[in-house]
Amino acid sequence: MVSADTRKIRLDHIAVVLNQPRIPENIGAAARAMRNMGIRELVVVDPNKNFDFDPILKLATHAASDVVASMRLYPTLQAALAPYRFVVGTTARLGGQRRVSDPAVTARKLIPVSQENRIALVFGREDRGLSNEDLRLCHALVNIPTADFSSLNLAQAVMVLCYEMNRAAADDRRPFTPKLANRYQLDGMYDQLREILIRICYLNPENPDYWMNHLRNFFTRLGLRAREVSIIRGIIRQVNWYSEKRYRDGLEEGLQKAREKETCD
Ligand code: SAH
């Protein structure tokens with residue numbers, strides 16, 4: 001049996017509920033946004049009297065026509081919300097007693113809820129949003145942070161929420177913990193570093209620890225991994241080898257010249 005990944009939100013448990021949408025194009029555009037983000041359950045409450053499928057389907061495009069085809073209609077918000085165990089309201093307005101959070105935070109909180117519970121994301125009508133009475137049916141409220149003009153187009157608000165739900169479905173949030181260098185490897189690296197820096201006259205041999213402490217802080221901040229420490233140690237070894245070679249070569253060259261001079265004299 002394949003067990004569900006409980007670190008991810010269950011998109012198949014999420015529905016978008018549009019309360020009294022006035023503009024059919026917004027229903028179509030919302031359906032398309034849902035389809036883009038992998039959410040398929042669309043519920044519409046008491047739409048405009050001139051409810052017309054043509055503009056809905058036009059904006060939904062062929063890709064989201066199945067979302068429109070399976071859309072459910074209800075006369076009241078209360079009836080529409082009856083099957084859901086967790087209801088999230090969306091609002092452009094802050095203030096009063098409204099305790100709101102942002103879409104990403106909400107999506108994260110919904111991950112565990114979504115495992116066993118159907119969730120409704122409720123959106124208000126274009127001209128007045130959700131009423132206080134509607135908001136009382138919600139367990140949580142979400143506001144999409146904006147500049148001073150806070151009211152988004154209905155379908156665009158649906159997109160932002162669905163996008164965050166999709167992120168919470170894709171991101172398994174397993175923190176990546178690389179293998180960090182151990183103390184032995186780090187201390188070996190610092191010893192080598194001190195030695196080579198003294199040799200190349202970068203550190204004052206009287207007081208090498210002053211600069212070494214700066215370097216230690218610098219490397220500590222980086223949180224070096226085992227592999228990175230071995231690269232740095234390899235570089236130090238190579239610099240050491242090369243400087244010794246140059247030194248030997250220089251000595252030999254000097255001796256050679258001295259011998260040549262002797263034979264010439
Ligand atoms: N004039 C209305 C805004 C309605 S916009 C008002 O002041 O409330 C239609 C719907 O889109 C809203 O009911 C809400 O569901 C959603 N919406 C628009 N802007 C939003 C925002 N900044 N945050 C959350 N939802 C928003």
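The values are calculated or read from the model by the stated rules, or taken from the named source; none is laboratory data. These numbers come from a predicted model, not from an experiment. Because the Cβ atoms are built from the backbone with ideal geometry, glycine has one as well, and the counts that use them run over all protein chains shown. Accessible surface is based on the protein model in full, side chains and every heavy atom, while ligands, DNA and RNA are left aside. Shrake-Rupley method; radii C 1.70, N 1.55, O 1.52, S 1.80 Å.
The table that follows gives values for the structure above.
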read-out	value
Of all accessible heavy-atom area on the chain, the percent that carbon and sulfur account for (1.4 Å)	53 percent
Efficiency of FRET between Lys58 and Glu116 - r from beta-carbon atoms, R0 45 angstrom, step 0.05	0.75
The stretch 11-170, dipole about Cα centre (Lys/Arg Cβ +1, Asp/Glu Cβ -1), debye to the nearest 20	300 debye
Table column - 3J(HN,Hα) (Hz), the stretch 192-209, Karplus curve with 6.51, -1.76, 1.60, x for Gly and Pro	4, 5, 4, 4, 5, 5, 5, 4, 8, 6, 7, 9, 6, x, 6, 9, x, 5
Rounded to the nearest 20 debye, dipole of the stretch 183-264 from Cβ charges on Lys, Arg, Asp, Glu	360 debye
Those lysines that a straight Cα-Cα span of less than 28 Å connects to Lys245, excepting residues fewer than 8 apart in one chain	Lys257, Lys261
Using alpha-carbon coordinates, inclination of helix 24-37 to the longest axis of the chain, degrees	40 degrees
Antiparallel DSSP beta bridges within the chain, percent to nearest 5	10 percent
Computed E for Ser65/Phe176 - FRET, C-beta separation, R0 35 angstrom, nearest 0.05	0.30
Hull shadow area, averaged, the chain [alpha-carbon convex hull, nm²]	28.1 nm²
Å² per residue, accessible surface of the chain at 1.4 Å	63 Å²
Potential extension, Arg167-Asn153 segment - 0.36 nm per residue separation minus Cα distance	2.9 nm
Rounded tilt (10° steps) of 226-264 against the dominant C-alpha axis of the chain	30 degrees
Choice from Asn182, Asn19, Asn36 with maximal GNM fluctuation in the chain (Cα, 10 Å cutoff)	Asn182
Under 5 Å, built H, 5+ apart or other chain: amide partners of Ile144	Thr91
19 Å tail of the calculated P(r), the stretch 183-264, as % of Cα pairs	51 percent
Phi-based couplings in Hz for the stretch 133-146 (Karplus 6.51, -1.76, 1.60; Gly and Pro marked x)	5, 4, 5, 5, 7, 9, 7, 8, 10, 10, 10, 8, x, 9
Residues whose placed amide H lies under 5 Å from that of Glu41, excluding near-sequence neighbours	Val16
Summed side-chain charge close to Glu253 - residues other than Glu253 whose Cβ falls under 14 Å, Lys, Arg +1, Asp, Glu -1	+3
Positive-pole candidate from Trp211, Gln192, Ala157, dipole of the stretch 150-218, charges at beta carbon	Ala157
Estimated FRET transfer efficiency when R0 is 35 angstrom, pair Arg108-Gln238 (beta carbons, to 0.05)	0.15
Top positive-direction residue, dipole computed over the chain with Cβ charges, set Ala64, Gln78, Gly234	Gln78
Contour excess over end-to-end distance, with Cα ends at Thr146 and Ala92 and 0.36 nm allotted per residue	18.5 nm
For peptides 114-125, 210-221, sequence by mean Cβ density within 10 Å, most packed first	114-125, 210-221
